Amino acid sequence: MPDKRSVRKTFSQLFRPQFIQDWMALWKARGFKEFVRQKGWKVVAAVFLFYLVRDSILYILIPVLAARGLLGC
């Protein structure tokens, strides 16, 4: 039976890309100020794109697909 730590590590790697893991390690090691100082606009761009894609799917794509199904167009 595999060790729980190795299973947990594999599971977290499956759902977290490597750059997110690196960012989290930097934040934990150096703190928020150093994290923003080193990553700066990359973090702002990543958060902006995440919310842009998420909100587009939630508030535009899903209602359009639902309306097509309900109206039969």
- With R₀ set to 30 angstrom, the calculated FRET efficiency between the beta-carbons of Tyr59 and Gln18, to the nearest 0.05, is 0.50
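Contour minus end-to-end for Leu52 and Gln38, with contour as 0.36 nm per residue of separation and end-to-end as the Cα-Cα distance? If you can, show how the numbers build up before the last one.
Details: separation 14, 0.36 × 14 = 5.04 nm, distance 2.37 nm.
Result for the pair: 2.7 nm of gain on full extension.
Give me Leu58, Leu14 ranked fewest to most by other Cβ atoms within 10 Å of their Cβ, as a rough exposure proxy. Numbers along the way, then the final one.
On the way: Leu58 10, Leu14 7.
Fewest-to-most Cβ neighbours within 10 Å comes out as Leu14, Leu58.
Coordinate-derived values only; no laboratory data. Bear in mind the structure is a predicted one, so any value in this text is a computation, not a measurement. A quick note on method: Cβ atoms are made from the backbone with ideal geometry, for glycine too, and the neighbour counts reach across all protein chains shown.
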